[in-house]
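The values are calculated or read from the model by the stated rules, or taken from the named source; none is laboratory data. Since this is a predicted model, take the numbers as computed values, not measurements. Positions of Cβ are generated from backbone atoms using ideal geometry, with glycine treated the same way; all protein chains shown enter the neighbour counts. Surface accessibility is based on the protein's heavy atoms, side chains included, excluding ligands, DNA and RNA. Shrake-Rupley method; radii C 1.70, N 1.55, O 1.52, S 1.80 Å.
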Amino acid sequence: MTIKPLSVLGLALVIGASTLGHEARAQELNLYSSRHYNTDEALYENFTAETGIRVNRIEASGDALIERISSEGRNSPADLFITVDAGRLWRAEEAGLFQPIESDILESAVPAKLQHPDNLWFGLTQRVRVIVYNTDTVDPSELSTYEALAGPEWEGRVCIRSSSNVYNQSLVASLIDKNGADATGEWAEGMVSNFAREPEGGDTDQIKAVSAGVCDVAVSNHYYYARLLQSDKPGDRAITENTAMFFPNQAEGGTHANISGAGLVANAPNKEAAIKFLEYLVSPEAQEMFAKGNNEYPVVDGVDVGPAVDSLGEFDFSDASVYVFGPNAAEALELMDRAGWK
């Protein structure tokens, strides 16, 4: 069989089609995200308006997306994986889903404690684990640390989510890093002894239980409480009338802070666009939208967080690196299981 050479016109058409295909790909990115907030929609739209790069989204739970990217393998169309909690980022890292991100903007904007030591992922927002208390039964002077909640004075007075919740796993992982496994195991046993009920529901359910008198204190992420404060529903706002929020461990290293964050997928077809999007997400504009839209704390300094977050008060964040949450997660879950934390 004879292979005829392409004509000059034919060759030009092939090169042109290839170039157009490359340019089309360069003007989009494929985002796999476990965040489901209206704020994020506005961020995508603003980014597209500023850059012309279209954001294609697939949304599911963090664990489901990790499984999906893993099963897609080298042919995965995913450019970025965004999820909540450093523990889930660790799971993605362990599955080999990330490649290092080369960006001076990200490295300088995001504090070292909120990024992977090898730049496999970067924090985009901060979420703190706080104590919510019933103002009719608890004086804030009685509150101090996460560790103190395991004391005998709190017997039958504590509400918290189950051990399967990644927020709790990361909190316990941070305590292992700070206090050691033995002390943290004893703390978990004390917590279980002090449960007002078996763990059930999400963070908002814990806050509602405090308001209803089921328990006197609960552990929750701060933004769940902020949402109730600014809710349009009178019933939600009523929950905050006999409750208040406390930032623990202020004299002992600061309040536990976790992140939502993102990593560049190992075989990202639109790497340049993906990095540009991440750089946009740590800009003052985007950080302010995160704070005002979903009541999360920014990862960069000098951002206007809005009245809802500002009303929660000032406090010191923990200096601990969020990176330790992942490597300690399995041991954290084991300690909670051993303590009978369901």
If you check GLN287, GLN250, which single one turns out to be at pLDDT 95 or above and under 19 Å from the mean Cα position of the chain (by Cα)? GLN287
Is segment 40-55 home to any residue that is aliphatic (A, V, I, L, M), open to solvent by 50 Å² or more (accessible area, probe 1.4 Å) and either within 24 Å of GLN287 (Cβ to Cβ) or within 19 Å of the chain's Cα centre (by Cα) (or both)? yes
Exactly one of these conditions fails for GLN250: (1) among the polar types (S, T, N, Q); (2) out of contact with any Lys or Arg (no Cβ under 9 Å at 6 or more places or on another chain); (3) open to solvent by less than 10 Å² (accessible area, probe 1.4 Å). Give me its number. (3)
When restricted to ALA42, ALA112, ALA64, ALA26, the only residue at pLDDT 95 or above, among the hydrophobic types (A, V, I, L, M, F, W, C) and over 20 Å from VAL322 (Cα atoms) is ALA64
Give the residue that is farthest from the chain's Cα centre (by Cα), with candidates limited to residues of segment 93-110 that are within 15 Å of ALA262 (Cβ to Cβ) and aliphatic (A, V, I, L, M). ILE105
Subset of segment 61-92, residues in contact with a helix residue (DSSP H, G or I) (Cβ under 8 Å, 6 or more places away or on another chain) and surrounded by fewer than 15 Cβ atoms within 10 Å (Cβ to Cβ), comes to ASP63
Could you list, in sequence order, all residues of segment 258-287 that are of a type in the set (Gly, Ala, Ser), open to solvent by 10 Å² or more (accessible area, probe 1.4 Å) and within 30 Å of GLU314 (Cα to Cα)? SER283
Filtered residue count, segment 97-106, keeping only those that are within 18 Å of ASN267 (Cβ to Cβ) and open to solvent by 50 Å² or more (accessible area, probe 1.4 Å): 2
Restricted to segment 131-142, and to residues that are among the aliphatic types (A, V, I, L, M) and in a strand (DSSP E or B), which residue is surrounded by the most Cβ atoms within 10 Å (Cβ to Cβ)? VAL132
In a loop (DSSP other than H, G, I, E, B) and either more than 18 Å from the chain's Cα centre (by Cα) or not aliphatic (A, V, I, L, M) (or both): which single residue out of GLU198, GLU186 fits that description? GLU198
Could you list, in sequence order, all residues of segment 143-161 that are assigned to a loop (DSSP other than H, G, I, E, B), over 15 Å from GLU252 (Cβ atoms) and open to solvent by less than 30 Å² (accessible area, probe 1.4 Å)? ILE160
Residues being without any contact (Cβ under 8 Å) to a residue 24 or more places away in the chain, under 17 Å from ASN294 (Cβ atoms) and of a type in the set (Gly, Ala, Ser) - total across segment 218-266: 1
For TYR223, all conditions in the list (1) aromatic (Phe, Trp, Tyr); (2) open to solvent by less than 10 Å² (accessible area, probe 1.4 Å); (3) under 19 Å from ALA330 (Cβ atoms) hold save one; what is the number of the exception? (3)
